[in-house]
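The values are calculated or read from the model by the stated rules, or taken from the named source; none is laboratory data. Because the structure is predicted, anything quoted here is derived from the model rather than measured. Glycine also receives a Cβ, built like all others from the backbone with ideal geometry; neighbour counts cover every protein chain displayed. Accessible surface areas use protein heavy atoms only, side chains included; no ligands, DNA or RNA. Shrake-Rupley method; radii C 1.70, N 1.55, O 1.52, S 1.80 Å.
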Amino acid sequence: YFFERRIKRLLPALLFYVISISLIICFFNPYPNVSIRTGFTSLLGLSNFYLFKYSTDYFAQASYLNPFINTWSLAIEEQFYLIFPVFLYITGIFNKKRKPNSKLNQLIFILSIFSLILFLRNYYLYSSFSYFLLPTRFWEIGFGVLTFLNASKFKELIVTKLSNNLLPLQLLGISIIFIILFSANQFSQFKTLLVVLITSLFLISFSQDTYINRILSKKLLVYIGKLSYSLYLW
């Protein structure tokens, strides 16, 4: 059911995007082969491998001519969907007689730390490997999994003891993220780590009765949230 929902959400918008943009760029790019191949592999969830194979620098001048280069992160997301059920199975998540969350926690934590080390170590030494492939990006989604599994444990502590300071803390966290994202491109790997950590803390501290929740629950913002995937593509 999960895979069915993800396919319905991801594939139609991606298919329309790839076909329409492929037709358009043929009129403007005299050498559209690399772009079209990137778009085609994105439909299979493999564009990150294609980009890695040709060692494309995401921020290189030539990358601006490839309208499908942003699909690398979608490919990583889809590859994660394929391997995550294996982790659920080997940690006994489907065994109703046991409580396997601790094993899943431990496994994801170990793999995420290993992935983070690979990411930081290879960021400048082997940038294409560090940027485009799942082994060095696993930790980002892994931190999201750990946040989900452990949110209830920390929420009571954070929300109860810091209830009066939640709003300024959350606003500070959002501000730090924007400062990091729009600052100079130095120490990018550590800025990525900070964004992920601050986002996790923000999600854990999120509470239904806060002012910031009322802001984020406005119809316009919810509508933009539902469109976020298509907006990201375009």
### Query
Any chance region 19-38 includes a residue that's at pLDDT 90 or above and within 17 Å of the chain's Cα centre (by Cα)?
no
## Note on the structure
A careful count of residues in region 218-234 that are closer than 18 Å to residue 68 by Cα and assigned to a helix (DSSP H, G or I) gives 6
### Query
Got at least one residue in region 97-107 being hydrophobic (A, V, I, L, M, F, W, C) and at pLDDT 90 or above?
yes
### Task
Please work out which one of (1) at pLDDT below 85; (2) exposed (fewer than 11 other Cβ atoms within 10 Å of the Cβ) is the condition residue 220 fails and give its number.
(1)
### Query
What pairs come up if the first residue lies in region 115-143 and is farther than 25 Å from residue 88 by Cα, the second is among the β-branched types (Val, Ile, Thr) and modelled with pLDDT of 90 or more, and their beta carbons are under 6 Å apart, counting only those six or more places apart or on different chains?
130/136
### Task
State yes or no: is residue 54 among the aromatic types (Phe, Trp, Tyr), under 20 Å from the mean Cα position of the chain (by Cα) and at pLDDT below 90?
no
### Query
Could you count how many residues in region 109-155 are open to solvent by 40 Å² or more (accessible area, probe 1.4 Å), modelled with pLDDT under 90, closer than 18 Å to residue 197 by Cβ and not aromatic (Phe, Trp, Tyr)?
2
### Message
Among the residues in region 87-108, are any buried (at least 18 other Cβ atoms within 10 Å of the Cβ), under 14 Å from the mean Cα position of the chain (by Cα) and under 21 Å from residue 189 (Cβ atoms)?
### Response
no
